[in-house]
Amino acid sequence: MKSNDAIEATITPTMTVGDDRPPSKRPVYQKDQECYPRAMRQIPVELGARRYIVSVGPGLLGRLPEVLSPLRGRTAVLVASRRVFDLHGKAVEKGLRALGRLHVTLVPDGERFKGRKTLEGLYEAFLAARLGRDGLVVALGGGVVGDLAGYAAATYMRGVDWVGLPTTLLSMVDSSVGGKVGINHPAAKNLIGAFHQPRAVVADPAVLATLPLRELRAGAYEVLKCAVLGDRDLFATLLEAPAGLGGWAAGGVESAIASACAIKADIVERDEREGGLRRVLNLGHTLGHTLESVTRYRRFTHGEAVGWGMVGAAAIARERALLSRRTFEIIADAVDRIGPRPRLSDLPTPELIDALGRDKKVKGGRVVFVLPTTVGRVVVRDDVTRPEIRRALRTMAAREG
Ligand SMILES: NC(=O)c1ccc[n+]([C@@H]2O[C@H](COP(=O)([O-])OP(=O)(O)OC[C@H]3O[C@@H](n4cnc5c(N)ncnc54)[C@H](O)[C@@H]3O)[C@@H](O)[C@H]2O)c1
C-alpha cells in the first residue's frame, strides 16, 4: 500500500489542471480535422492511437453525417432505449443512414437493465446485423446505455469501434469521456467492465430540454466536481447559473459541458487506466457511494449523492485545516445552489461507516478520500478516521434543506 505521502506526491504536483497553469497550457477547444463543421466546441482526448474528439454543440445530433464523416461507410448498430429513441432518435437514425448501413436496436430503460441479460440481447442484435470487426456501435442515451453498449462493443469480436451520443448532462460530462464501460452484477454495480475508448463523442445540449430537472441537476453535481478539482472559471460559470438550474441559459450549459469535458479529458490523458491521478475524479464519491448503497440506490440520484459527498469531503478538509472555513462555505453553498437533495440525517451512522469499509475505494484496508484544498485543487488521503467521518456526516446533516 502506498503511504499518504506517496499518494500525495503522485497526485499533487501533477494536479494542476486548473488555475496554476499558464493560459497556453489550459485545455483549449481545438479545431481538429477539416471535415468537422464549425460552430461547435471540440475537446480532443489525446490518447495516441486511441485519440478522439468530444464535439459539443446545439443541434449536432441533426448534423451527424458532417460530424461523423470520418466514419462513413461502416455498418452500424444504433443502441437506444425506447424513451430516448422516441424523443431524439429520428434525426440520429436519418443521419446515420446517410453514413452507411444501419440497424437499430432498442434496450429497456433504466439502471436495473444494465446487466448480462440486456448485454446478451445486444450480442444477438450485432450478429443479426452481421456486424463485423469493422462495424460500429453507436450508443444514444444516458450513462446506462453508454456503459452497456460500450461494453458490448468492447467485448464483441474482441472489440469493435463505438461512438457515444450522450443525452443526459451526466453522460455528456462524465460517463461518455474516458472509456470506462461496463455492466452491473447482482453483487455490485459496475463490477464487470473494461476500458474501451470511443472513436468519437457527440454531445448536443439541445436534447437536455427534454431531460427531467432532477436528472439535469444530477449531472450538474458532476460538473461542479470538475470545477472544484481543477477549474475556477467553470466554478464561476456554475455560480452564474440560476439557483436550482431552472431556465439555465443554453450558452451556459454548453460552456459548462465543454469545460467539464476538458477537465476530464486532461485527467484521462495523464492516467487512462486509473493508476493514480484519475482517482481524483472520485471527489465526493467516497461518501456518495456509501449513501447510495445504504439506501439501495433508491433515494439519491448518483449526482445528488456525489453532491452530499463533496460537502462531506470539504468538511473533512476544513477540519484538517487543509481548506479555509470561507472556502468550505463557498463550496458547500455551490453544492446547495444546484438544488435540494434527499435527506440523510435519518441514516444510521454505524451502517454508513460499515458500508464505507466495503467500498471499491478502499485500498489496503484504508478508505481513500479526495479532499479539496481550495477551489481548483485537491489532495488524496487514506488516513481519514472514523471520528472525522462522523463529524463530517453531522456537518452534512446540518445542511439539509
Ligand atoms: N463509465 C463511466 O465513466 C461512468 C461515469 C459515471 C456514471 N456512469 C454510469 O452512468 C449511469 C447513469 O447515467 P445517467 O445519469 O445518464 O442515467 P440514465 O442513463 O439512466 O438516464 C437517466 C434517465 O433519463 C432518460 N433520458 C436520457 N436522456 C434523456 C433526454 N435527453 N430526455 C429525457 N430523458 C432522457 C433515460 O432514458 C433514463 O430514464 C450509471 O449506470 C453509472 O454507473 C458511468
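The values are calculated or read from the model by the stated rules, or taken from the named source; none is laboratory data. The structure presented is a predicted model; accordingly, all values stated were derived computationally and were not measured. For neighbour counting, all protein chains shown are included, and Cβ atoms are generated from backbone atoms with ideal geometry for every residue, glycine included.
Remarks
- Pairs meeting the criteria (first residue in region 172-185 and over 10 Å from GLY219 (Cα atoms), second residue among the charged types (D, E, K, R) and near the ligand (Cβ under 6 Å from one of its atoms), beta carbons under 6 Å, at least 6 apart or on different chains) are VAL181/ASP147; GLY182/ASP147; ILE183/LYS114; ASN184/LYS114.
- Helices (runs of 4 or more DSSP H) completely within region 303-401 that count 3 or more residues being small (Gly, Ala, Ser): 386-398
- Near pairs, Cβ below 8 angstrom, 6+ apart or cross-chain, from region 34-60 (under 20 Å from SER255 (Cα atoms)) to any residue that is modelled with pLDDT of 95 or more and among the aromatic types (Phe, Trp, Tyr): PRO44/TYR52; VAL45/TYR52
- Check on LEU119, at pLDDT 95 or above and crowded, with 24+ Cβ neighbours inside 10 Å: no
- Some residue of region 230-239 being over 18 Å from ALA265 (Cα atoms), more than 12 Å from the ligand (Cβ to nearest atom), in a helix (DSSP H, G or I) and free of Cβ contacts under 8 Å to residues at least 60 places away in the same chain: yes
- Among the residues making up region 109-131, those that are more than 26 Å from PRO70 (Cβ to Cβ) and within 16 Å of the ligand (Cβ to nearest atom) are ASP109, GLY110, GLU111, ARG112, PHE113, LYS114, GLY115, ARG116, LYS117, THR118, LEU119.
- If you check ASP174, ASP161 for being within 7 Å of the ligand (Cβ to nearest atom), in the same structural domain as TYR52 (by TED's automatic domain parsing) and among the acidic types (Asp, Glu), only one passes: ASP174.
- Pair list, Cβ under 8 Å, 6 or more apart: region 147-168 residue more than 12 Å from PRO198 (Cβ to Cβ) and in contact (Cβ under 8 Å) with a residue 24 or more places away in the chain, other residue within 13 Å of the ligand (Cβ to nearest atom) and hydroxyl-bearing (Ser, Thr, Tyr): LEU148/THR118
- Meets criteria (modelled with pLDDT of 95 or more, in a strand (DSSP E or B) and within 15 Å of the ligand (Cβ to nearest atom)) for ALA91: no
- Evaluation of ARG377 against the conditions (1) touching a residue at least 12 places away in the same chain (Cβ under 8 Å); (2) surrounded by fewer than 16 Cβ atoms within 10 Å (Cβ to Cβ) shows that the sole unmet condition is (2).
- In region 193-215, of all residues being part of a strand (DSSP E or B) and within 17 Å of LEU61 (Cβ to Cβ), the one that is farthest from the ligand (Cβ to nearest atom) corresponds to ALA200.
- Residue check, ASP134 within 30 Å of GLY48 (Cα to Cα), more than 10 Å from the ligand (Cβ to nearest atom) and acidic (Asp, Glu): yes
- First in region 91-119 and within 30 Å of HIS185 (Cβ to Cβ), second anywhere and more than 16 Å from the ligand (Cβ to nearest atom) and among the acidic types (Asp, Glu), Cβ under 9 Å, 6 or more apart: THR105/GLU124
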